[in-house]
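J.: Right, I'll just put the structure down here and ask away after.
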Amino acid sequence: MTFSTWILSISGVVLLGVLIDIILPEGQTNKYLKSVFAFFVIFTVISPLPKLLNSDFSLYDFLDTEEVSIDISFISQINVQKLNALKNDIQTELNNSGYSGIYINITADIYSENMQIERIYADLANLVIDKNIANINSNKYEVVKKIITQQTGVEEGIITVYG
Amino acid sequence: MKMKNNNTRLLIIIIIFVITVALSFIPHSCIVAEDTDDTYGELQEQITIQLNSLDFGEFEKLLSDLDSDEYKIFGNTSFLSKVKTIISGDLSGGYDNVFSAIFSIFFSEILSFMPLLATIMAITILCSLISQIRSNVGNKSVADIVHFVCYGVVIVLIVSAIMQLVNVTTNALNSMKTQMDIAFPILLTIMTALGSTVSVSVYKPAVLLLSGGIMQIFNSIVLPIFIFATVFSIISNLSGNVKLDKFVAFFNSAFKYIVGFVFTIFMAFLSIQGITAATHDGISIRTAKFALKSYVPILGGYLSEGFDLILAGSVLIKNAVGVSGLLLMIATIIMPIVKIAVFILMLKLVSAILEPIADSRISSFLSSAGKNLSMLNITIIGVAFMYFITVVLVMCTSNVL
């Protein structure tokens with residue numbers, strides 16, 4: 001029995017009571033009939049209670065819902081922006097140290113919510129060393145690697161310097 | 001009963017106070033940038049790029065469904081241009097628009113309910129005149145039948161109006177659910193891009209609970225309770241013998257307890273967890289900024305100036321989307337709330353006018369129907385407030401740069 005049938009049956013019983021009230025004449029019978037009728041109303045009102053207690057009501061029916069989907073295309077867009085900013089910063093830092101013309105390439109999982117750098121490549125093919133700032137005698141690969149490590153905080157192992 | 005009412009009211013006031021105080025402790029940081037046109041231009045460019053990669057199509061579709069008064073409350077613009085205006089810092093204006101829209105809704109609702117209530121008044125006055133004349137003759141059951149017929153006509157009129165209001169309420173709830181389903185993925189995406197992973201992990205289940213479970217509770221438990229209470233207030237006034245007034249009181253208090261519990265528990269958990277997560281994320285981003293070694297996995301703990309610019313753009317967009325979403329929400333719920341409030345007020349007025357002349361059962365039915373209808377308004381306002389608080393918490397989170 002659903003709630004709507006319950007409500008309907010109560011309304012029906014009450015309507016019946018109104019009819020009885022109107023049709024029956026005043027007198028001794030009317031009084032008894034009214035008390036019998038009151039019992040009837042009580043019975044109708046409490047009839048769904050035992051079923052309500054026995055039913056297996058589960059709150060999880062209310063709480064199962066679909067997922068909130070994160071817009072990955074926006075995340076990847078932002079991640080690409082972040083990588084570009086990082087690339088620019090590394091290049092600026094290298095320029096300040098006297099190494100210009102280095103081509104930096106960073107690979108990372110841009111479709112991940114927690115993006116991590118996979119590898120950093122530094123191409124020294126077009127390297128121009130400013131002799132006023134940088135020490136020409138030191139190993140250029142090691143120096144570039146060191147600058148990138150300092151700048152980004154990544155482990156030295158994932159940086160590849162070539163060219 | 002009176003004491004209990006006062007206690008719950010006190011509790012609600014305390015909760016709202018605590019939330020307000022807690023919100024005021026969230027650090028509001030400002031974006032410190034070099035005050036040059038160059039940086040500003042870069043920021044603008046950044047915002048344009050990010051805005052283009054977000055999809056506001058669903059919001060625009062919702063906006064096109066609003067009618068002219070509601071559209072006026074939103075500000076007569078498209079969603080994207082609203083977001084752009086808010087990003088550019090132009091938050092002024094709009095108040096006169098909102099108030100004039102509310103007034104025009106208010107008066108048009110009064111006009112639309114006027115014929116219905118005039119009919120009710122006319123019928124009731126006519127019937128009470130007839131029954132008074134008849135009762136001089138001395139036949140009780142004729143007077144009863146006259147009352148019955150009159151009451152039946154009043155019920156048909158009132159119930160049709162109430163069903164219309166229930167429809168309006170369901171539509172408002174569904175529209176809010178649609179808005180949540182659109183707004184929260186966008187907001188959480190931007191938060192993820194900002195690196196506030198802890199906050200996102202807190203808000204994801206909360207948002208799901210709000211747009212799924214809590215909406216379900218409101219739709220399938222709270223609204224039926226309103227209908228039961230209305231039915232019982234109709235049949236308890238049907239005859240003088242069968243009294244079911246206490247059932248109306250029972251459903252009223254059941255409604256209060258369910259809404260109160262859902263509201264309090266959701267608010268308490270969300271605000272505490274949200275504030276804690278916001279602090280955690282803020283501190284980890286700051287630590288990443290100042291520590292040289294890699295501490296947080298995002299980009300090896302490196303946050304540069306160019307990086308800050310990207311994040312600043314995202315923060316501005318997140319807050320602007322939040323504000324615009326709330327404006328859209330307010331625009332959709334104002335019409336139902338004003339409509340129901342007007343109907344409640346007019347029902348009470350009519351019942352007060354009819355009290356001296358009509359049968360006491362009719363006027364008591366009208367006033368109890370008015371009392372029950374306030375449940376619908378509480379339902380809409382409650383859901384709207386939960387949505388509001390959630391969006392405000394999301395907006396306050398991950399602003400630390």
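Nothing in this text is a laboratory measurement; each read-out follows from the coordinates by a stated rule. Keep in mind that this is a model prediction, so the values were computed, not measured. Neighbour counts are summed over all protein chains in view; Cβ atoms, including those assigned to glycine, are modelled from backbone coordinates with ideal geometry.
J.: Around residue B:71, what is the net charge, scoring Lys/Arg as +1 and Asp/Glu as -1 over all other residues with Cβ under 15 Å from its Cβ?
T.: -2
J.: Here's another thing I want to ask about it. Between A:152, A:44, A:92, which gets the highest mean-square fluctuation from a Gaussian network model of chain A, Cα cutoff 10 Å?
T.: Among A:152, A:44, A:92, the largest mean-square fluctuation in the Gaussian network model of chain A belongs to A:44.
J.: Which ordering of B:166, B:383 is given by a fewest-first count of other beta-carbon atoms within 10 Å?
T.: Ascending Cβ contact count within 10 Å gives the list B:166, B:383.
J.: For segment B:246-286 and segment B:148-209, what is the centre-to-centre distance using only Cα atoms, to the nearest Å?
T.: Using only Cα atoms, the two centres lie 16 Å from each other.
J.: Here is a follow-up. Please state, as a whole number in µm²/s, the translational diffusion coefficient that the Stokes-Einstein equation yields for segment B:55-396 at 37 °C and 0.692 mPa s, with Rh defined as the Kirkwood radius across alpha carbon pairs.
T.: D, rounded to a whole number, is 142 µm²/s.
J.: Hey, another quick one. Fully extended, how many nm does the chain gain between residue A:133 and residue A:97 (0.36 nm per residue separation, minus their Cα-Cα distance)?
T.: Details: separation 36, 0.36 × 36 = 12.96 nm, distance 0.64 nm.
So the chain would gain 12.3 nm between residue A:133 and residue A:97.
J.: Mean Kyte-Doolittle of at least 0.0 and a Cα length of 24 Å or more along the axis: which whole DSSP H helices of chain A meet both? Intermediate results must be reported in sequence, preceding the final value.
T.: Details: long enough: A:3-23 (30 Å, 2.13); A:28-46 (28 Å, 1.06); A:72-96 (36 Å, -0.28).
Within chain A the helices that satisfy the rule are A:3-23, A:28-46.
J.: Explain nothing, just the number: relative contact order of chain A, from Cα pairs under 8 Å at least 6 residues apart, as a whole percent. Mind showing how you got there, number by number?
T.: On the way: 132 pairs, mean separation 27.5, N = 163.
Relative contact order comes out at 17 percent.
J.: Using mean Cβ contacts within 10 Å as the protection proxy, how do B:183-196, B:66-79 order, highest first?
T.: The densest-packed peptide leads the list: B:183-196, B:66-79.
J.: Please find, in a Gaussian network model of chain A (springs between Cα atoms separated by less than 10 Å), the residue of A:126, A:139, A:30 whose mean-square fluctuation is greatest.
T.: Answer for the Gaussian network model of chain A: A:30.
J.: Provide a whole-number value for the mean count of partner chain Cβ atoms within 10 Å of the Cβ atoms in peptide B:46-54.
T.: Going residue by residue through B:46-54 and averaging, the value is 3.
J.: Antiparallel as a % of all DSSP beta bridges within chain A, to the nearest 5?
T.: So the antiparallel bridges amount to about 65 percent of the total.
J.: What residue among A:103, A:32, A:111 shows peak mean-square fluctuation when chain A is described by a Gaussian network model with Cα springs under 10 Å?
T.: A:32
J.: What's the local net charge at residue B:200, with K and R +1, D and E -1, over the other residues with C-beta under 15 Å away?
T.: -2
J.: Given the pairs A:31/B:243; B:204/B:256; B:256/B:339, which are separated by over 20 angstrom at their Cα positions?
T.: Listed pairs above 20 Å: B:204/B:256; B:256/B:339.
J.: Let me confirm one metric for peptide A:79-88, namely the mean number of other chain beta-carbon atoms within 10 Å of its residues' beta-carbons. Please list the in-between numbers first.
T.: Numbers: counts 4, 2, 12, 11, 1, 2, 12, 7, 1, 4.
Mean number of neighbouring Cβ atoms from other chains: 6.
J.: With each run of n ≥ 4 DSSP H residues scored as -39500 (n - 2.57), what mean residue ellipticity at 222 nm is computed for chain A after dividing by its residue count and rounding to the nearest 500 deg cm²/dmol? Walk me through the numbers on the way to the answer.
T.: Details: 6 runs with 88 residues, N = 163.
When only DSSP H runs of four or more count, the value is -17500 deg cm²/dmol.
J.: Could you work out the mean count of beta carbons from other protein chains within 10 Å of each residue's beta carbon in A:111-118?
T.: On the way: counts 0, 0, 7, 7, 5, 4, 6, 0.
Partner-chain Cβ atoms within 10 Å, mean over residues of A:111-118: 4.
J.: With a 10 Å Cβ neighbour count serving as the proxy for reagent exposure, in which order, fewest first, do B:9, B:361, A:119 appear?
T.: By the 10 Å Cβ count, ascending, the order reads B:9, A:119, B:361.
J.: Where does each of B:114, B:180 land when they are ranked from fewest to most other beta-carbon atoms within 10 angstrom?
T.: In order of increasing Cβ crowding within 10 Å: B:114, B:180.
J.: Excluding residue A:71 itself, what net charge comes from residues whose Cβ is under 14 Å from its Cβ, given Lys and Arg +1 and Asp and Glu -1? Present the calculation step by step, with values, prior to reporting the outcome.
T.: Working: positive: B:204, B:318; negative: A:67, A:113, B:55, B:58, B:181.
Cβ neighbours under 14 Å give a net charge of -3.
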